[in-house]
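First up is the structure itself, then whatever we jot down about it.
The values are calculated or read from the model by the stated rules, or taken from the named source; none is laboratory data. Predicted, not measured: the structure shown is a model, and the values here were computed from it. No Cβ is skipped: glycine too gets one built from the backbone with ideal geometry, and neighbour counts run over all protein chains shown.
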Amino acid sequence: MILLIHHRLHPNLEGFIHGVKANDIKLMIITPDQKPYDGLTSSKGEFIHKQIAQITFSYAFKLFKSYNFSNIIYRHNIKGHYWILLMSYFFGVKIIEYDQSTHRNDNIFKQSIRPIVRLFQLRPLKKWTPVNFKHSTGKKYIEPFSFFVRIPMLPIKNINKTNIVTNKIMMIGKLSESRKNHLRFIEELYSLNAQLIIVGSTPHGFSSEPIYYNLLQSQTKKYKNISLIKNASRKEVFELYSKVDIFVMPSSQESLGYSVLEAMSMGCVVVCNKDVGASCYIDDKINGFIFDINKKGDLENIVRNLIKYNLDEISLNAQNTINLSNSISTVKEILNIGT
């Protein structure tokens with residue numbers, strides 16, 4: 001059984017749950033809230049979901065004693081997560097992913113577990129290897145994280161796009177988070193002869209920035225060629241992917257940036273910031289384009305010059321990149337099941 005720690009039942013997990021089930025592997029997901037993404041209702045019964053706000057020592061111990069976990073995946077931390085780390089050491093369970101966006105220290109054992117181990121003078125029941133993942137952004141991202149999206153379950157079939165033009169450009173990102181760089185997207189692209197489409201959810205949660213959200217709304221009203229689409233459903237988002245040709249990911253940092261993979265699978269020509277995790281799937285000018293958000297004007301320059309390239313071919317290459325990785329065997333491969 002695999003133990004997955006996540007902040008909620010997220011749509012990103014569809015493919016992973018499907019791949020785990022297809023490989024006849026049992027899965028337990030622990031989240032601090034129980035708001036399920038509606039698309040996962042079809043996966044009911046395929047995994048055990050435990051909703052708990054804070055993990056205690058006794059809870060973690062009983063959990064590991066009751067279930068024979070083979071691997072642990074940390075996608076997001078929850079309160080008391082260090083007790084899970086401790087039990088992984090004591091019971092000798094391998095951690096195959098740890099989200100560095102919430103824990104910046106490379107050597108997790110040294111920073112989080114060793115002090116507790118010394119305090120309790122614990123010795124592992126089985127062989128345990130210290131966890132030491134590299135930072136999760138950029139080209140280093142693919143190793144521990146990629147299986148979440150390499151087997152995507154997409155609600156709409158891939159479409160082949162031809163005669164691609166650059167008059168519809170879309171980005172996706174929570175409308176109340178400044179790191180998504182909606183304003184930069186507008187600043188660099190509003191003067192193009194193109195319709196700009198910004199899709200995202202309205203303010204909610206601890207990361208919400210209401211002032212930024214209000215500023216974004218006022219900026220979008222200034223220009224007739226900008227559309228702001230709020231709280232679109234999953235189906236509506238994929239319909240938009242099918243209608244636009246250019247997709248921009250301007251976020252200053254994303255541990256992945258799942259929408260990049262979705263857009264590529266739908267044949268969009270993706271222009272992605274180099275600091276976004278999903279940029280590791282893009283070979284510049286072959287299946288997409290890479291820009292540097294730290295260089296003012298770089299995004300605008302790349303988008304203006306897209307017409308110089310065979311965008312139909314780049315679109316097809318983008319789809320092929322996702323399709324080649326769209327294999328249930330990927331879960332088995334990356335988790336090293338049976339080894």
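Odds and ends about this structure:
- Residue count for the stretch 50-65, restricted to those that are without any contact (Cβ under 8 Å) to a residue 24 or more places away in the chain and within 13 Å of I5 (Cβ to Cβ): 2
- Residue match in the stretch 221-239 (condition: surrounded by fewer than 20 Cβ atoms within 10 Å (Cβ to Cβ), modelled with pLDDT under 90, assigned to a loop (DSSP other than H, G, I, E, B) and not hydroxyl-bearing (S, T, Y)): no
- Test for I282: is it at pLDDT 95 or above, on the phi < 0 side of the Ramachandran plot and of a type outside the set (D, E): no
- Among the residues of this structure, L261 does not count as one that is crowded, with 21+ Cβ neighbours inside 10 Å, modelled with pLDDT under 95 and in a loop (DSSP other than H, G, I, E, B).
- Matching residues in the stretch 173-190 - criterion: being surrounded by fewer than 18 Cβ atoms within 10 Å (Cβ to Cβ) and out of contact with any Phe, Trp or Tyr (no Cβ under 9 Å at 6 or more places or on another chain): R179, E187
- Hits in the stretch 161-179 (condition: outside any loop (DSSP other than H, G, I, E, B), in contact with a Ser or Thr (Cβ under 8 Å, 6 or more places away or on another chain) and either at pLDDT below 95 or not assigned by TED's automatic domain parsing to the domain that holds Y309 (or both)): R179
- Taking helices (runs of 4 or more DSSP H) as the structural unit, those lying wholly within the stretch 55-148 and holding at least 2 residues that are modelled with pLDDT under 80 and either assigned by TED's automatic domain parsing to the domain that holds G277 or over 28 Å from G277 (Cβ atoms) (or both) correspond to 114-120.
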